[in-house]
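This report refers to the structure that appears directly beneath it.
The values are calculated or read from the model by the stated rules, or taken from the named source; none is laboratory data. What you are looking at is a predicted structure, and each value in this text was computed from that prediction instead of being measured. Every residue, glycine as well, gets a Cβ built from its backbone with ideal geometry; the counts of neighbours run over all protein chains shown. Ligands, DNA and RNA are excluded from the accessible area calculation, which covers all protein heavy atoms including side chains. Shrake-Rupley method; radii C 1.70, N 1.55, O 1.52, S 1.80 Å.
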Amino acid sequence: MARDFSSVGVVGLGTMGAGIVEVFARNGVDVVAVEVSEGALERGRAILTGSTDRAVAKGKLAEADRDALLGRVQFAVGLDALHSVDLVVEAVPEHLDLKQRIFAELDRVCKPEAILATNTSSLSVTEISVATTRPNQVIGIHFFNPAPVMKLVEVVRTVVTSTDVVADVEALCKRLGKVDVTISDRAGFIANALLFGYLNHAVGMFESHYATREDIDAAMKLGCGLPMGPLALMDLIGLDTAYEILDTMYRRGGRDRRHAPVPLIKQMVTAGLLGRKSGRGFYTYERPGSPVVVPDEQTPVTAESALGDARAIAKVGIVGSGTMATGIIEVFAKAGYEVVSVTRGAEKSAKVFEVVKTSLNKGVVRGKLSEADRDAALGRINWSATLEHLADVDLVVEAVVEELSVKKALFASLDEICKPGVVLATTTSSLPVIDVAMATQRPADVIGLHFFNPAPLMPLVEVVETIRTSAETTATARAVCTALGKTGVVCGDRSGFIVNALLFPYLNDAVKMLEASYSTADDIDHAMKLGCGYPMGPFELLDVVGLDVSLAIQRELYLELREPGFAPAPLLEHLVTAGYLGRKSGRGFRDHTRR
Ligand SMILES: NC(=O)c1ccc[n+]([C@@H]2O[C@H](COP(=O)([O-])OP(=O)(O)OC[C@H]3O[C@@H](n4cnc5c(N)ncnc54)[C@H](O)[C@@H]3O)[C@@H](O)[C@H]2O)c1
């Protein structure tokens, strides 16, 4: 018969433990909440009451239910209070020796049939279990942060965990309203194994001044639809915890350099900058434990003064007739710029015109655009098949085929045609902007403007500075993005810029995980959506983006950065060779023909 978990214990009431207490108590389970000292106990109690008070204030929890919830929790110092619980979830800091000591003690204190669970993110559950005389009753129950909100629980089974313990814990997760995935004991399990390389890489970008914290976070939120940027997430996780997780993953996970904690993390931990819990991490918070970010010395100055150097832009030339060029023409025309569209012929111009018109019409049908505004936008576009018409524009946006020789030739022509002081922008997503810049006599005026597809909808533009780009050119590009209603993030001229450099290695890692048969595509997709709040799982996204496109980007990253961990997953290569390119070919990681 399945175990009845009427009373559970939680050890450690920090970032995770306090949330785990709330999850149990909300679902009618009595909880004994244990800390190491009276002070820590009070801090844990404050996290719990703060969270439940916020839920009441937001109307998500009735006052009576909050009182009943808090009434189910008994607070205590020391493990002895856990003598009669049916299950213990340990959530103390991520140190193996500490956890082993606690498990040996729990083994002594708890009744013989009690299940002992760890919330570790990266340590070996097996190694923790052997500190007890009941390793078959030891299991990993890995909640996600914040525990009351995130739906996923990774249930970690070691080679000795008994099957009925696994089944009972799975049933408990369902009772708690969680979705569980059961996996074996490997460093980082599913979600953290895919998440932490990405987080560490983002910290590396910040440390090397590749982009600001605001721009890195905005890029991932707006470019990928993530609920928060990587540096804000590091602050939520806690830098001390993140450091330990990375360090363990590095040591347990094959010494992948991408998991070697970026030195800045250790420095911040030493300086007490632990993230939200200490009131300061990558960002500064209103007070310790608060989610409210307040300005500090790194906060960018207000838009107007920062854009003081920007040149005035009224007339914009857009070269190209593909998906990106078409979307960008619409964006500029809608924002009130006079546009000169240059394609390779009247036929192409007519096609682009139709697409832009259809798209604007959709806006009218949806009530987002008046007929008069649509007509005005269309009226602002001049159609041309010759570059000579760009002689008097203030900005050129190039969006032709992704081939360096073609782009270089085009920029050399622009250099001869355009008036001095014009900003010349390329929309390349993978070529070095400096190569294009050096095809002109005015590299200081050349910059990357990496729009995302579909350009009229996606709010992000990566503004790519080369080592020759002038501050004035960057300020102009930023001002243009703002005038277009987009968020421009400034970054250096490296393969993948911000978004692709952070996104594709993660997707590639997911493919490697599948290839190693650690989990299924469905469970991996679930884990990232429910554990990290991603809008799509990695395999869903790969099928949408296209496996061939993803492979090409991953190859570029690997070639430029020479990071062994970036080598494309062999399975990805094979699928592309087999013609399984994703949705567009009917089959990728999933078969799309049967839906
Ligand atoms: N932070 C996250 O996002 C996250 C997510 C999932 C899992 N985890 C895992 O959860 C565990 C806890 O991490 P955290 O971020 O909550 O850490 P934390 O530092 O916020 O909290 C740890 C708590 O444990 C207490 N503690 C220390 N020694 C103790 C002892 N001997 N007895 C009782 N309590 C003790 C501390 O006082 C502190 O309150 C770690 O294993 C971590 O890897 C963390």
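Please name all residue pairs, on different chains or six or more residues apart, with Cβ atoms under 6 Å, provided the first residue is in region 525-543 and is in contact (Cβ under 8 Å) with a residue 24 or more places away in the chain and assigned to a loop (DSSP other than H, G, I, E, B) and the second residue is among the small types (Gly, Ala, Ser) and surrounded by fewer than 22 Cβ atoms within 10 Å (Cβ to Cβ).
Here the result reads PRO535/GLY225, each pair linking region 525-543 to a residue that is among the small types (Gly, Ala, Ser) and surrounded by fewer than 22 Cβ atoms within 10 Å (Cβ to Cβ).
Can you tell me which residue in region 259-275 is least open to solvent (accessible area, probe 1.4 Å), limited to those that are assigned to a helix (DSSP H, G or I) and touching a residue at least 12 places away in the same chain (Cβ under 8 Å)?
Only one residue fits best here, namely ILE265.
Which one of the conditions (1) within 14 Å of the ligand (Cβ to nearest atom); (2) open to solvent by 10 Å² or more (accessible area, probe 1.4 Å); (3) assigned to a helix (DSSP H, G or I); (4) not hydrophobic (A, V, I, L, M, F, W, C) does PRO93 fail to meet, given that it meets all the rest?
Single failed check for PRO93: (3).
Could you please find all residues in region 130-171 being under 19 Å from LYS111 (Cα atoms), of a type outside the set (D, E, K, R) and assigned to a helix (DSSP H, G or I)?
PRO135, ASN136, GLN137, VAL165, VAL166, VAL169
When you look at ARG280, is it open to solvent by less than 80 Å² (accessible area, probe 1.4 Å) and either closer than 30 Å to ASN200 by Cα or under 22 Å from the mean Cα position of the chain (by Cα) (or both), yes or no?
Spelling it out, ARG280 is indeed open to solvent by less than 80 Å² (accessible area, probe 1.4 Å) and either closer than 30 Å to ASN200 by Cα or under 22 Å from the mean Cα position of the chain (by Cα) (or both).
How many residues does region 4-52 contain that are part of a helix (DSSP H, G or I) and either open to solvent by less than 10 Å² (accessible area, probe 1.4 Å) or within 26 Å of SER278 (Cα to Cα) (or both)?
26
Given the residues LEU222, LEU195, which is the only one that is surrounded by fewer than 23 Cβ atoms within 10 Å (Cβ to Cβ), modelled with pLDDT of 95 or more and either touching a Phe, Trp or Tyr at 6+ places or on another chain (Cβ under 7 Å) or part of a helix (DSSP H, G or I) (or both)?
When all the criteria are applied, what remains is LEU222.
Could you check region 405-435 and list, in sequence order, the residues that are open to solvent by 40 Å² or more (accessible area, probe 1.4 Å) and either at pLDDT below 95 or under 35 Å from the mean Cα position of the chain (by Cα) (or both)?
SER405, VAL406, LYS408, SER429, PRO432, ILE434, ASP435
Looking at region 521-544 only, could you name the residues that are open to solvent by 30 Å² or more (accessible area, probe 1.4 Å) and over 18 Å from LYS221 (Cβ atoms)?
ASP522, ASP523, HIS526, LEU530, GLU540, VAL544 - these are the residues of region 521-544 that are open to solvent by 30 Å² or more (accessible area, probe 1.4 Å) and over 18 Å from LYS221 (Cβ atoms).
Do you know which residues across region 565-588 are at pLDDT 95 or above, open to solvent by 80 Å² or more (accessible area, probe 1.4 Å) and assigned to a helix (DSSP H, G or I)?
Selection gives HIS574, THR577.
Residue by residue through region 317-330, note down the ones that are of a type in the set (Val, Ile, Thr) and either open to solvent by 10 Å² or more (accessible area, probe 1.4 Å) or closer than 17 Å to VAL406 by Cα (or both).
Within region 317-330, ILE318, VAL319, THR323, THR326 qualify.
I'd like the residue in region 34-54 that is without any contact (Cβ under 8 Å) to a residue 24 or more places away in the chain and more than 12 Å from the ligand (Cβ to nearest atom) and, out of all such residues, is nearest to CYS110 (Cα to Cα).
Only one residue fits best here, namely THR49.
Does any residue of region 163-186 turn out to be at pLDDT below 95 and open to solvent by less than 20 Å² (accessible area, probe 1.4 Å)?
No, that holds for no residue.
Would you please name the residue that is farthest from the chain's Cα centre (by Cα), looking only at residues in region 354-375 that are outside any helix (DSSP H, G or I) and exposed (fewer than 13 other Cβ atoms within 10 Å of the Cβ)?
Among residues in region 354-375 that are outside any helix (DSSP H, G or I) and exposed (fewer than 13 other Cβ atoms within 10 Å of the Cβ), the one farthest from the chain's Cα centre (by Cα) is SER370.
Quick check on region 231-238. Is at least one of its residues surrounded by fewer than 19 Cβ atoms within 10 Å (Cβ to Cβ), within 16 Å of TYR283 (Cα to Cα), away from the ligand (no atom under 12 Å from the Cβ) and in contact (Cβ under 8 Å) with a residue 40 or more places away in the chain?
The answer is no; no qualifying residue exists.
Going by the conditions given, is GLN100 more than 13 Å from the ligand (Cβ to nearest atom), among the polar types (S, T, N, Q) and open to solvent by 30 Å² or more (accessible area, probe 1.4 Å)?
So GLN100 does not fit the description; no.
Does any residue of region 207-217 turn out to be open to solvent by less than 30 Å² (accessible area, probe 1.4 Å), outside any loop (DSSP other than H, G, I, E, B) and within 16 Å of the ligand (Cβ to nearest atom)?
No, the conditions are met nowhere in region 207-217.
Search region 96-109 for residues that are more than 14 Å from VAL125 (Cβ to Cβ) and free of Cβ contacts under 8 Å to residues at least 60 places away in the same chain and pair each with any residue that is of a type outside the set (Gly, Ala, Ser) and within 11 Å of the ligand (Cβ to nearest atom) when their beta-carbon atoms are under 8 Å apart and the residues are at least 6 apart or on different chains.
Every condition considered, the pairs that remain are LEU98/VAL92; GLU105/LEU79; VAL109/LEU79; VAL109/LEU82.
When you look at LEU378, is it in a helix (DSSP H, G or I) and open to solvent by less than 40 Å² (accessible area, probe 1.4 Å), yes or no?
Yes: the conditions hold for LEU378.
Is there any pair linking a residue in region 3-24 that is more than 21 Å from LEU236 (Cβ to Cβ) to one that is assigned to a strand (DSSP E or B) and within 8 Å of the ligand (Cβ to nearest atom), with Cβ under 6 Å and at least six apart or on different chains, and which?
Listed by first residue and then by second, the contacts come to VAL11/VAL34; VAL11/GLU90.
How many residues does region 453-494 hold that are within 30 Å of GLY588 (Cα to Cα) and open to solvent by less than 10 Å² (accessible area, probe 1.4 Å)?
Looking only at that region, the number is 4.
Report, by residue number, each residue of region 106-131 that is more than 28 Å from the chain's Cα centre (by Cα), of a type in the set (A, V, I, L, M, F, W, C) and more than 22 Å from ARG3 (Cα to Cα).
Correct list: ILE128, VAL130, ALA131.
Name the residue, out of THR120, THR133, that is open to solvent by less than 10 Å² (accessible area, probe 1.4 Å) and modelled with pLDDT of 95 or more.
After applying the criteria, what remains is THR120.
Given the criterion among the acidic types (Asp, Glu), open to solvent by less than 60 Å² (accessible area, probe 1.4 Å) and in contact (Cβ under 8 Å) with a residue 24 or more places away in the chain, identify the matching residue among ASP247, ASP256, ASP296, ASP309.
ASP256
Has region 105-124 got at least one residue that is in a helix (DSSP H, G or I) and within 11 Å of the ligand (Cβ to nearest atom)?
Yes - at least one qualifying residue is present in region 105-124.
When the residues of region 136-147 are filtered to those that are surrounded by 20 or more Cβ atoms within 10 Å (Cβ to Cβ) and under 30 Å from MET228 (Cβ atoms), which remaining residue is farthest from the ligand (Cβ to nearest atom)?
Checking each candidate, the answer is ILE139.
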